[in-house]
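Bear in mind that the values in this text are calculations on the coordinates, not laboratory data. What you see is a predicted model, and the numbers here were worked out from it, not measured in a lab. All Cβ positions, glycine included, derive from the backbone under ideal geometry; neighbour counts span all protein chains shown.
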Amino acid sequence: MTFRSRLASAAVVGLWCLASVPASAAALLPHKATYRLSLDGSKSSGQLEEMNGEINYEITGDACTGYTTFTRQNSIASTGEGDPLKQSVTSKAWEDGQAKSYRFLSVTEGGEDDGLELQANVERRGREGLTVTVSKPEAATLQLKGDILLPTEHIRRVLAAAAAGDSVLQAKVYDGASDPEKVFDTLAVIGRPSTDESRIAPPARSALAGRTFFPVTISYFDEGGVDRTPSYVMTFSLYDNGVVGALKIDYGRFALVGAMASFEAMKASGTCAE
């Protein structure tokens, strides 16, 4: 069983977003965070007896210099037959602050996709779509049509919608780290704002005290399939500075919950007024 495309895509897209964002949306906080993953015991997991792991996430930069993100997901899954499946997926990406350019490199270790590398540069063609120049695993040029958001652009749009009091945001989203040709149709449902400090994970208490967060659920559908069952659904608390608190990733057949295990706020450049 290959978990790579589903788990890696969820990690990259969910934790991280048109040209400008309303001033009411706060700037994204450069930070590092680790989330410990485990099976959601309240949901049937079928043949999957056990699964755990962690997501390491880091974001730096700003709207002037662009955003650099690093995501590594390690997972161990057991079905009770044979050896457990161990897999690590590492994704590195840079996105222009105006979401006009994007590049990424994703590397898989272990499992059926062991040694797979995906690398591409992406350029926006206005509202016509994206041009994706793939260099790994094989050279190719792809034309993706439509008004498509990039990963950090998407998070900023969700934050802007939340700040404006909107409860729903629909968007096409591309990250490429699981498949250079893949575009998701997404539906974000945004809950009421809260400053409940009891919900802050202990590692981030000092950095997030007093900040507003929104309960967010984002469903990811195959393109053109919003009337069907989503490929996966992410539920998480999203702080107004882009930090993700507790999270849950539901794949239909099973679900994972992620608890923040470590957090480090990093200093912003101080040279950009977003």
| query | Check residue 49: other-chain or 5+ apart residues with amide H under 5 Å from its amide H, H built from backbone geometry? | reply | 78, 79, 80
| query | How large is ³J(HN,Hα) for each residue in region 94-108, as worked out from phi by the Karplus curve 6.51 cos²θ - 1.76 cosθ + 1.60 (θ = phi - 60°), to whole Hz, x for Gly and Pro? | reply | 10, 10, 4, x, 9, 6, 9, 9, 7, 9, 8, 9, 10, 10, 10
| task | Take the alpha carbon atoms of region 31-159, find their radius of gyration, then divide it by 2.2 N^0.38 Å using N residues; give the quotient. | result | 1.25
| Extension gain from residue 128 to residue 140, taking 0.36 nm per residue of separation minus the Cα-Cα distance | 2.4 nm
| When the Karplus curve 6.51 cos²θ - 1.76 cosθ + 1.60 is applied with θ = phi - 60°, which whole-Hz ³J(HN,Hα) does each residue of region 205-217 get, with x for Gly and Pro? | 4, 5, 7, 10, 4, x, 8, 7, 10, 10, x, 10, 10
| Taking the simple approach of a point 7 Å from Cα along Cα-to-Cβ for both residue 268 and residue 209, what is their distance in nm? | 2.0
| If you rank 147, 196 by fewest surrounding Cβ atoms within 10 Å, what's the result? | 196, 147
| For residue 116, which sequence-distant residues (separation of 5 or more, or a different chain) have an amide H within less than 5 Å of its own amide H, given hydrogens modelled in the peptide plane? | 108
| note | For 177-185, 77-85, ranked highest to lowest by mean beta-carbon neighbours within 10 Å, the order is 177-185, 77-85
| remark: Sorted by chain and then number, the residues having a modelled amide H within less than 5 Å of the amide H of residue 261, at least 5 places away or on another chain, are 34, 35, 36
| task | Please go through the residue pairs 92/145; 145/182; 32/92; 100/145 and name each one whose alpha carbons sit more than 21 Å apart in this structure. | result | 92/145
| query | DSSP loop trypsin sites (Lys or Arg not before Pro) in region 196-242 with at most 10 other Cβ atoms within 10 Å of their Cβ, which ones? | reply | 228
| said: Counting only helical runs of four or more DSSP H residues, what would the 222 nm mean residue ellipticity of the chain come to if each run contributes -39,500 (n - 2.57) and the total is spread over all its residues? | reply: -3000 deg cm²/dmol
| Which lysines have a Cα less than 20 Å from the Cα of residue 43, not counting those fewer than 8 places away in the same chain? | 248
| Assigning unit charges at the beta carbon (Lys, Arg +1; Asp, Glu -1) and nothing else, what dipole magnitude in debye, to the nearest 20, does the chain show about its Cα centre? | 640
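Out of region 117-151, which GluC sites (Glu not before Pro) are coil in DSSP terms and have no more than 11 other C-beta atoms within 10 Å?
Of the GluC sites (Glu not before Pro), the ones in loops of region 117-151 whose Cβ has at most 11 other Cβ atoms within 10 Å are 138.
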| field | Whole-Hz couplings from phi, Karplus 6.51/-1.76/1.60, listed for region 234-244; x for Gly and Pro | value | 10, 10, 7, 8, 10, 7, 5, 10, x, 6, 9
